[in-house]
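Shown next, in structure tokens, is the structure this report addresses.
No lab work stands behind these numbers, since they all come straight from the coordinates. Since the model is a prediction, treat every value here as computed from it, not as a measurement. A quick note on method: Cβ atoms are made from the backbone with ideal geometry, for glycine too, and the neighbour counts reach across all protein chains shown.
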Amino acid sequence: MVPRLIHLNGPTGVGKSTIAARYVTDHPATLDLDADEIVRLVGGWQDDFPGTVALVRPLALAMARTHLSSGHDVVMPQLVTDRGQRARFANTAAQAGADYAEFVLLAPPETTIGRFRRRGHHLDPAVEALGGAGAIRRIHDRLAAYLTPDSTVIDTVGHDPEQTYEALIAALSGR
């Protein structure tokens with residue numbers, strides 16, 4: 001079976017990391033490559049979050065390529081609103097002889113803002129420094145412009161994490 005880079009895209013607070021963690025529970029040897037976890041390993045990330053993300057993303061993609069090359073899947077929860085960045089993810093998979101599958105988890109801005117406010121993630125202060133709810137609304141706007149008719153969107157409205165996970169599994173099986 002060909003390994004897959006499963007890219008979980010979506011706004012801050014939508015549940016990407018939760019779904020990625022759930023996925024690896026059911027899929028042994030799959031790497032949950034949450035770049036947000038790598039960000040906090042870089043000194044000074046709190047002072048320059050966007051700059052640190054730019055430093056970390058190539059590292060994360062190199063890790064993904066290595067793991068995919070070993071014949072195992074990678075699930076990567078990572079917000080991307082630039083098609084050039086998306087192409088880098090797809091190219092990383094191709095270089096490793098793997099497939100690339102992007103799924104955009106979405107909910108209305110007020111829903112993701114509410115989830116963000118309740119979650120208690122280590123990156124939340126950095127998001128607040130970037131504008132908090134306003135930053136999340138801007139992310140939604142950028143995602144709306146990023147999506148194409150070919151985008152695979154998973155609507156998370158009214159779904160708990162298990163229901164969203166089940167929707168992801170159904171979407172993966174349809175590929």
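Relative contact order for the stretch 10-173: what percent, with Cα pairs under 8 Å and sequence separation of 6 or more? List each step's numbers first, then the result.
Values: 178 pairs, mean separation 52.5, N = 164.
This gives 32 percent for the stretch 10-173.
Could you please report the charge total around D99, scoring K, R as +1 and D, E as -1 over all other residues with beta-carbon less than 13 angstrom from its beta-carbon? Write down the numbers at each step before the final one.
Numbers: positive: R4, R175; negative: D73, E102.
Around D99, the charge tally is 0.
For D150 and E37, the FRET efficiency from 1/(1 + (r/R0)^6), where r spans their Cβ atoms and R0 equals 25 Å, is about 0.25. Net charge of the neighbourhood of Y23, taken over other residues with C-beta under 10 Å away and scored Lys/Arg +1, Asp/Glu -1, is -2.
P(r) tail for the chain: Cα pairs beyond 26 Å make up 25% of the total. Annotation: amide H of E102 within the under-5 Å range of H7, sequence separation 5 or more or interchain, hydrogens built in the peptide plane. Within the chain, helices built from complete DSSP H runs that reach 27 Å or longer along their own axis (Cα positions) and carry a mean Kyte-Doolittle hydropathy of -0.5 or higher are 49-69.
Only Lys, Arg, Asp and Glu carry charge here, each on its Cβ (+1 for the first two, -1 for the last two); on that basis the stretch 1-148 has a dipole of about 240 debye about its Cα centre.
Neighbour counts of other Cβ atoms within 10 Å put H121, H7 in the fewest-to-most order H121, H7.
Multiply the residue separation of A54 and D141 by 0.36 nm, subtract the distance between their alpha-carbon atoms, and state the gained length in nm to one decimal. Numbers along the way, then the final one.
Working: separation 87, 0.36 × 87 = 31.32 nm, distance 2.06 nm.
Roughly 29.3 nm would be gained on extension.
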